[in-house]
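Colleague: Please find one structure pasted underneath; my questions will follow.
Taken together, the values in this text are just the output of simple stated rules run on the coordinates, not laboratory data. Values in this document were obtained by computation on a predicted structure and should not be read as measured data. A quick note on method: Cβ atoms are made from the backbone with ideal geometry, for glycine too, and the neighbour counts reach across all protein chains shown.
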Amino acid sequence: MGRFYLLRHTRPEIAKGLCYGRTDVPLAVARVLAHNSLRATLPKIDQIFCSPSTRCHRLALDLALAPITLAPALRELDFGSWEGLLWSEIPRHESDPWAENFIERAPPGGESFRDLVRRVCAFLRSLSWPSDEDRLLITHSGVIRALRTWEEGKGLARAFEDALPYGSLVELTRLPLQGAVISESHFL
């Protein structure tokens, strides 16, 4: 049975406190060194699916581990009109209600965390299960946090409890090993 991994992109070159999700930001200048170090620690991979965001696609190209399939469903949460603003610039009358229920509420013109879960689940359902291939998803914090809550059997409200540094690798064991067909109902 194949293994299933999630890899968060490495550090982007952004201003501290920037709200970015769908915004296509570049990777840090030291990316090559970081990517070479990361490559040395990764297991054998048969297939890579990655977000089309530059910060993920560039990592996939630099790693050169396996064939790459761009998967728009693996993009980060869309923060709508907040994209590109500093968090301190976002009006509190907008951000406070969102923070109280980020699962169901969306930033103006953006998407809720539940919306992100729906698109990621639809993507996972499109893959063939079970698979003997070792698969790697190169994606973003929001996507990995959502899938990790399912893996660990905890609700979406707890998705941001644990740190997830840039370049983090997470192996999922429940998803491919049980041949599960994942759906939104798994995230309660």
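Colleague: Would you work out which of Ala106, Cys56, Val25 lies farthest towards the positive end of the dipole of the chain? Charges go on Cβ: Lys and Arg +1, Asp and Glu -1.
Modeller: Cys56
Colleague: Moving on. What does the highest-first list of 1-9, 162-170 look like by mean Cβ count within 10 Å? Before the final figure, lay out each step's value.
Modeller: Working: 1-9: 20.7, 162-170: 13.2.
Top of the packing list down: 1-9, 162-170.
Colleague: Still on this structure: Here are labelled values, [x] 49, 41, 25; [y] 53, 33, 25; [z] 48, 37, 34, and one is the computed Cα extents along the principal axes in Å for what I pasted. Which one?
Modeller: Derived directly from the coordinates: [x].
Colleague: Charges on Cβ only, +1 for Lys and Arg, -1 for Asp and Glu, centred on the Cα centroid of the chain; of Ile144, Pro97, Phe160, which one is farthest towards the dipole's positive end?
Modeller: Selected residue: Ile144.
Colleague: Another one. What does the extension gain come out to for Met1 and Leu169, with contour length at 0.36 nm per residue minus their alpha carbon separation?
Modeller: Details: separation 168, 0.36 × 168 = 60.48 nm, distance 1.92 nm.
Length gained between Met1 and Leu169: 58.6 nm.
Colleague: What net charge do the residues around Arg31 carry, taking every other residue with its C-beta under 13 Å from that of Arg31, with Lys and Arg at +1 and Asp and Glu at -1?
Modeller: Summing Lys/Arg as +1 and Asp/Glu as -1 gives +2.
Colleague: Just the number, please: percent antiparallel of the DSSP beta bridges in the chain, rounded to the nearest 5.
Modeller: That works out to approximately 35 percent antiparallel.
Colleague: At R0 = 25 Å, how high is the FRET efficiency between Arg105 and Asp24 if r is their beta carbon distance? Nearest 0.05 is fine. Before the final figure, lay out the partial values.
Modeller: Values: r = 24 Å, r/R0 = 0.98.
Efficiency, rounded to the nearest 0.05: 0.55.
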